[in-house]
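Before any comments, here is the structure.
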Amino acid sequence: MKFKRLSFQKKIYISCFALNLVLLLSCSIFFYYYTADSLRENMQDTIVGNTSMLNRDLDMLLKIGDNTLKDLQMDPSLISIAKNIPDSSENYFSNHVTDRTLFQNAFRSVLLSQNLNGSISYISGFYDNVGVSVSSGTFRDISKASLKGSGRLDGLIEDTSFSAYLPPHEDYWGHGRTVFSVVRVMRDTYRRYGLLILDFDISNLTGLLEDFENPEDFSITLLDEEQRFVYTSIPELDQEAFRRAFQESIHSGAETFSYDQVSISCCERSEATGWTFILTGSIAGYLFSKNQTLLITALMFFILFLITATFLFLMSHGLTRPLKRLVRQLEHLEPGRNINIPQISSDNEITTLANAIQAFLREIYDQNQRLTEAHRRTLQAHYDAMEAQLNPHFLYNTLSVIGMTGLIDGSTAVSNMCSQLSALLRYSLSYIGQAVRLEQEIANAGSYLYIMKMRYEETLEYEWDLDDSLGNIFVPKLILQPLVENCFHHGFQQTEREILPPWKIRVKTFQDESYWYLSVINNGLPFKEDRLKKLLARLEKFQFPEYEEHMEGTLHAQSGFGLENTILRLNIYYHGEQYFQAETTGSGDTAVTVGGPLRPKKPFVAVHDTAPQARTPS
């Protein structure tokens, strides 16, 4: 209730202020969560990309080691020594310094050339051994009995595969190092001569992180083919929680997982080794960026809140002052007869103004409706008036012919002519303001031509070339008879030049994809160019719907039922979509063609008959 008693300015300010507060808060929350989600997705994409890259680097390192052993495996000097190592209790290489040196030099050469951080060893089928390490040089001699008794190499010696990758394990030579290895069998086509083993120091794994900006924020974990933990650089790792989170990510198809609140991990299985490579990174940077985003969002919200609150106050103050002035002006405005301005109060200027404007609009709408109805009735009156301009001279001539014929021979021609004249008169006085079928127009013109034939006898010849499918098309009444009359008044009976009989008239109807056409062709004088230009210029004024202002003068100026009258009524009926053409054919005949669309966009509707139907005269 207190809000209702406030002034209009305070109402609009409080309303806009509350709406602005909600919008600002919504936008700030959206911005914060959207940015936080973007940071999280970026962190996940980074850990996924780094995992894939490091896994490829590890596979590449193992591939280089495998190719290195493959070169040594095919060294003929080494194979020739390995073939001749006998089965004895003593280490063969302890007593054969030259052969030992040859193996060690070959191993040292490939380690240095490939820049490999590790060691290469050879173990014969009888556990004779020799090796070289990059860090400690040559291996000390290890008795065959100690190697064979440990059982750690038995599976490799007996394995029939050509090569193998061994996940991180304690080295076989008693050095106390953790290594991961590449193993290849030294053999020829028929026999095996022992194993070549390339041990990579485990520091090669952590060395993969050297190119990272903060390598200390990352750690590596390896699982073997059976997904057993074989190595991790995470101190005091909770393997149970780690394995549980890892298994959940595998089942859900997630790219990343987290086993605690401060790290994120991503795994990728190597197609070459079958090992599962897991990279774990700290989310401390993400949490710092997220907190920074929260701080920036809060600061932006506070600044925008102050700016918009000040702007709303100034806007509401500036808006209400001119409204109050406008309301005072409305108090002294003399309203129209349909306008009733409500009682003005001091706190609802907008409502008062809206009611006054609505009242004005209602009156304007009512006036427009009255004007539209008046224009439509005026149009119908003009249309009906143009239909009613039947040429009285034709009636006089027809009556004269009937009288002369009756006086001369008393034949049945008088009866026929009376019947045709009756049809003409009945048709001209029927269907006022309605459309008729084209076949009715043709029948009416037939009556007219019959009477003219009786008048001119052998002087006149006429024929029909009709498209029967157009008979039911609705057209304005009396559009064909004026075209036929035009043949006599302007084609055959001109004073400039005598047109020798026989006079010929052909009436033709046809159509194309969009329009129907009615053409009247005669062998009279051609259409005069100056008359055609004047006719087209006058008709151009009447392009629908701008013809009303020209209609009155034209109707008073016209006498008879002329060509211009016919085309104008077609223009009104088809709303400017009518067709008209006057031309001289190649044979010298004059052709006048009118037409209209088969499917009018806006058919003509009469005032007193909204759905015109043509009636067949009785």
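No value in this document is a laboratory result; all are computed from the given coordinates. Computed from a prediction, not measured in an experiment: that's the story for all the values here. Cβ sites come from the backbone with ideal geometry, for glycine too, and all protein chains shown count toward neighbours.
The GluC sites (Glu not before Pro) of region 242-315 meeting both criteria, a DSSP state outside H, G, I, E and B (loop) and at most 14 other C-beta atoms within 10 angstrom of the site's C-beta, are Glu255, Glu271.
For the pair Ser52 and Ser80, the difference between a 0.36 nm per residue extended length and the Cα-Cα distance amounts to 5.9 nm. Its residues counted as N, region 64-162 yields a C-alpha radius of gyration over 2.2 N^0.38 Å of 1.05. Pairs with C-alpha atoms separated by more than 26 Å, drawn from the list Lys477/Lys601; Lys453/Lys534; Lys508/Lys528; Lys504/Lys602, are Lys453/Lys534; Lys504/Lys602. Derived value for region 249-292: Kirkwood hydrodynamic radius 11.9 Å. Basis is the mean of 1/r over every pair of different alpha-carbon atoms. Close amide-amide hydrogen proximity is noted between Tyr515 and Leu598, each under 5 Å apart and 5 or more residues distant or on a separate chain (H modeled in the peptide plane; Pro and chain starts excluded).
Arg191 to Val262: FRET efficiency via 1/(1 + (r/R0)^6), r the Cβ-Cβ distance, R0 56 Å, to the nearest 0.05? Spell out each step's value before the answer.
Working: r = 56 Å, r/R0 = 1.00.
That pair, Arg191 with Val262, gives E of 0.50.
Per-peptide packing, taken as the mean over residues of other Cβ atoms within 10 Å, places 417-425, 16-24 in the sequence 417-425, 16-24 from highest down.
Between the amide H of Val436 and those of Val475, Lys477, distances stay under 5 Å, these residues lying 5 or more places away or on another chain, with hydrogens modeled in the peptide plane. Dipole check for region 72-158: with +1 at the C-beta of Lys and Arg, -1 at the C-beta of Asp and Glu, and the Cα centre as origin, the magnitude is about 200 Debye. Taken over the C-alpha atoms, region 176-289 has Rg and Dmax values of 17.4, 64 angstrom. Between Asp45 and Ala284, the simple label model (points 7 Å from Cα in the Cβ direction) yields a spacing of 2.5 nm. Packing order of peptides 43-52, 300-309, highest average first: 43-52, 300-309 (average count of other Cβ atoms within 10 Å over each peptide's residues). FRET efficiency for the pair Thr459 and Gln511, taken as 1/(1 + (r/R0)^6) with r the Cβ-Cβ distance and R0 = 45 Å, rounds to 0.85. Under the convention that each Lys and Arg Cβ holds +1 and each Asp and Glu Cβ holds -1, the size of the dipole of region 189-312 around its Cα centre is about 280 debye. Note on Asp87 and Gln581: the extension gain reaches 165.9 nm, defined as 0.36 nm multiplied by sequence separation minus the Cα-Cα distance.
Phi angles across region 466-481 convert, under the Karplus curve 6.51 cos²θ - 1.76 cosθ + 1.60 with θ = phi - 60°, into 3J(HN,Hα) values of 10, 9, 4, 5, 9, x, 9, 6, 7, 9, x, 6, 6, 9, 8, 4 Hz, Gly and Pro given as x. Distance between the 7 Å Cα→Cβ label points at Phe212 and Cys418: 12.0 nm. Sequentially through region 189-197, phi angles give Karplus couplings (6.51, -1.76, 1.60; θ = phi - 60°) of 5, 10, 9, 9, 10, x, 10, 9, 10 Hz, Gly and Pro residues having no value and appearing as x. Computed about the Cα centre, the dipole magnitude for region 1-157 is approximately 1700 debye when only Lys and Arg (+1) and Asp and Glu (-1) carry charge, each at its Cβ. Average projection, convex hull of the Cα set of region 1-144: 16.8 square nanometres.
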